[in-house]
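Report on the structure given below.
The values are calculated or read from the model by the stated rules, or taken from the named source; none is laboratory data. Nothing here was measured: the structure is a model prediction, and the numbers come from that model. All Cβ positions, even for glycine, are placed from backbone atoms using ideal geometry, and neighbour counts span all protein chains on display.
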Amino acid sequence: MSGLRVPLPAQSTCVRLAILVTIPAAPVPVPGGVAPVSPEAARVRSAPDFPARHRARRVSGPVVPGLLGILFAAQTIMPMALAGWRMRGIVMATLRPVRRICDRLDEINEGHPEGRIPDFPGRQEINRLARGINSALERGWKAHRFASDVSHELRSPLTALRVQIEGARLHGGQIDLDDLLRRVLREVDHLESIIDDLLTLSRAEQGGESAACRPLDMAAVVRQHVARRHDRVPAGLRLESGVFVNGVEPQISRILTNLLDNGQRHVKESITVGVRRDSDIAEMTVEDDGDGVPPVEREHIFERFARSEKSRRVDPRGAGLGLAITREIAHAHGGTIHVEDSAAGGARFVLRLPAIDPPGETGETRSV
């Protein structure tokens, strides 16, 4: 046995630290054989008058220093490193779709406003994010197109006004003032009609101002409305009694006005308004014997400012907002509207609203 004395530096405290290290009695491999090691203790104290002492049996042959420490570090650090690497891979895989979304948004901003974000199979949360972005993009694209269409529609009557006023200024002595004022007022009426339609459409899309619904007898509403009109082709009626809906009468009348105005532009000899109940649905139809609407245009005609070539020829002053307003009012009442072929070969517009039972003496009201 031999002793190794290692002086410890003086400590500023009076704390004494005692560590007992026990070495298990296990054979230690050496090149020349196996040497047994007896357990020994080494005591270390922090006071300067207690030298550090280590006693162990001397063995012949080299022994790798710190092997146990290296193995312990490997067992501790390697799993942590592998876990960190795996977490990095998970984060990168999660962010990869986000990078693709950013790249796609850059393409859209560079000149493809109609572009949309694709779906990512198996990525529920990413797809939810993509749907939200697509919804915002769709609204932005519609607002952009709406502003463009409004500018175009308002420019035509304003241009006509400018031409007539400038002509009167240049040739004041040769202009019939009454005729000029009549033409100017006609253009002003056209502008006012477009602006009123735009306001109605905007209110319908935003839910409008709170308006109290009440039970409406659809047959009575149609009969009263048709009686006030003086059309080129009088409308025939095919009405079923006892068909009630919860609705705002001016808005339901606006739907009927738009559908009859549209039908009168295309009718040849007959136009018919019908009301009936189909289970829990109240159905109002307006059908004519005109040329009808081709299947490829049956959704397009309900868009804002959508006008076919024939509509432009028949009514060049129209703005193409009537059917868009009609659909928005139908949606606000919880209903739908579509167009199909009529039995007479023309168009048949079908408005479907939730039906209610005929009211008693008192009826509840709701708001839309």
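When segment 310-368 is examined, which residues are found to be polar (S, T, N, Q) and modelled with pLDDT under 80?
At the first step, the residues of segment 310-368 found to be polar (S, T, N, Q) are 311, 326, 336, 342, 362, 365, 367.
S311, T362, T365, S367, listed by residue number.
Say we look at segment 113-162 and pick out the residues that are in contact with a Phe, Trp or Tyr (Cβ under 8 Å, 6 or more places away or on another chain) and of a type in the set (D, E, K, R); which of these is farthest from I101 (Cα to Cα)?
So the residue we want is E153.
Suppose we keep only residues that are hydrophobic (A, V, I, L, M, F, W, C) and in contact with a Lys or Arg (Cβ under 7 Å, 6 or more places away or on another chain) within segment 134-149. Which one would you say is nearest to I195 (Cα to Cα)?
The extreme case among them is F146.
Working only within segment 117-170, note down all residues that are of a type in the set (K, R) and at pLDDT 80 or above.
R128, R131, R162, R169
Looking for whichever is touching a residue at least 60 places away in the same chain (Cβ under 8 Å), in a strand (DSSP E or B) and more than 22 Å from R232 (Cα to Cα) here; the options are R277, R304. Which one fits? Step through it out loud before you land on a result.
On the way: R304 fails: in a strand (DSSP E or B).
From the options R277, R304, the qualifying one is R277.
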